[in-house]
Amino acid sequence: MALIKNNSPVLFFYSNSKKWLAKISKKESFHTHIGVIKHSDAIGKEYGSRLITNKDKYVYLLEPNMYDYVMKIQHGTQIVYPKDIGYIIARSGIGSGQKILEIGTGSGSLTSFVAGIVKPRGHVYTFDVDENFMKIAAKNIKKAGVEKYVTQHNLDLKTAKDMPLDDMDVALVDLGDPWVVIPQVRQMLKGSGCVFAICPTMNQLEKLTMALVENEFTDIESTEHILRTIEAREGKTRHSFQGIGHTTYLCFARKAFFGRDSKKPAEKLEKDTRDTKKSPSKIAAKKAAAKKAAAKKAAAKKAAAKKAAAKKAAAKKAAAKKAAAKKAAAKKAAAKKAAAKSSKKTTKKPSRTL
């Protein structure tokens, strides 16, 4: 029998829309529209029992699960909802003992849920760049009781030169531009490892899919999950007027090897073996020849650039000369016109003889 003690977590449940998650403290109480709820009244009771408030309303004392923690966490960012988390876990096969990479911790809802599944032998390694969000996430993860199975990193993997992890089982990406980190995700995933990305818009989904194909991922699948609540009551069952509609699109894929940039493994191994058997002098000569060819190519490129610059300078000079000549001609014509006008004014008409 699980009894409620001081510091025990309790979900005070009145209805689906009215419930409060708290850690029991003897001196604490809180006021609600259904009356005052005293923490001390819950101590010593079994989970599932009920309290009666001073307004004669029943409140049930439930033991919170991960769903309750996720739905009641402090939001620093938009959270990933359980309806989406459930499919992510099922489709990617997340289980106990796995190593999970998460890029974009956010408020820690997905982090907490996944950590609760991979524990006690597994671990979640989560990365974010916003320290404020990381602090909120740390509080939420601790509140869910899974901080032992989560390691937070303040690191931007988009610009990181060396990847801090390898051989990850699953990668979870929650960024505005998830396609940017797909090459990094590939480096850290094991062969056939899964990646799940959260994409609020279809434009993001399109760019992400293109990046996945480019980086040799297969089994690509994009989905949307709508949860519709039913209010079941005798004689008047109907759809609920409240519910969660569109939250995000999910994109799933697995790491594969397309063989685009290399020959078959056997051929590559044979070539590597031949190369290692070459004498040092031949290898050095080949290296020197390659260096000489590169230098020759660079010199040719430099000469061509110099020639082009000289041609451009000559053209510029010719254009300037032409413009100067045109200006001089215009000036000369203007002077000639002015002289003719002046001469006309000074000439008088002859007087008429009577």
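The values are calculated or read from the model by the stated rules, or taken from the named source; none is laboratory data. The shown structure was predicted, so the numbers you read here are calculated from the model rather than taken from an experiment. Here the Cβ positions follow ideal geometry from the backbone for every residue, glycine too, while neighbour counts run over all protein chains shown. For accessibility, only protein heavy atoms count, side chains too; no ligands or nucleic acids. Shrake-Rupley method; radii C 1.70, N 1.55, O 1.52, S 1.80 Å.
Of Ile226, Ile230, all but one fail to be open to solvent by 20 Å² or more (accessible area, probe 1.4 Å), more than 17 Å from the chain's Cα centre (by Cα), free of Cβ contacts under 8 Å to residues at least 12 places away in the same chain and closer than 19 Å to Tyr81 by Cα; the exception is Ile230. Has region 49-68 got at least one residue that is touching a Ser or Thr at 6+ places or on another chain (Cβ under 6 Å) and under 17 Å from Pro9 (Cβ atoms)? Within region 49-68, one or more residues are touching a Ser or Thr at 6+ places or on another chain (Cβ under 6 Å) and under 17 Å from Pro9 (Cβ atoms).
Let's see how each residue does on (1) without any contact (Cβ under 8 Å) to a residue 60 or more places away in the chain; (2) open to solvent by less than 80 Å² (accessible area, probe 1.4 Å):
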residue	(1), (2)
Thr32	yes, yes
Lys38	yes, no
Ala42	yes, yes
Gly48	yes, yes
Leu51	yes, yes
Lys55	yes, no
Leu61	yes, yes
Met66	no, yes
Tyr69	no, yes
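As a summary of the residue check, Phe133 satisfies the conditions (1) of a type in the set (Phe, Trp, Tyr); (2) within 24 Å of Gly97 (Cβ to Cβ); (3) open to solvent by 60 Å² or more (accessible area, probe 1.4 Å) except for the one numbered (2). Scanning region 88-101 for residues that are surrounded by 21 or more Cβ atoms within 10 Å (Cβ to Cβ) and within 17 Å of Tyr249 (Cα to Cα) gives Ile88, Ser92.
Scanning region 161-187 for residues that are among the aliphatic types (A, V, I, L, M) and open to solvent by less than 20 Å² (accessible area, probe 1.4 Å) yields a count of 8.
Would you mind finding the one in Ile136, Ile141 that is β-branched (Val, Ile, Thr) and in contact (Cβ under 8 Å) with a residue 60 or more places away in the chain? Explain how you work it out, then say what you get.
Details: Ile141 fails: in contact (Cβ under 8 Å) with a residue 60 or more places away in the chain.
Result of the check over Ile136, Ile141: Ile136.
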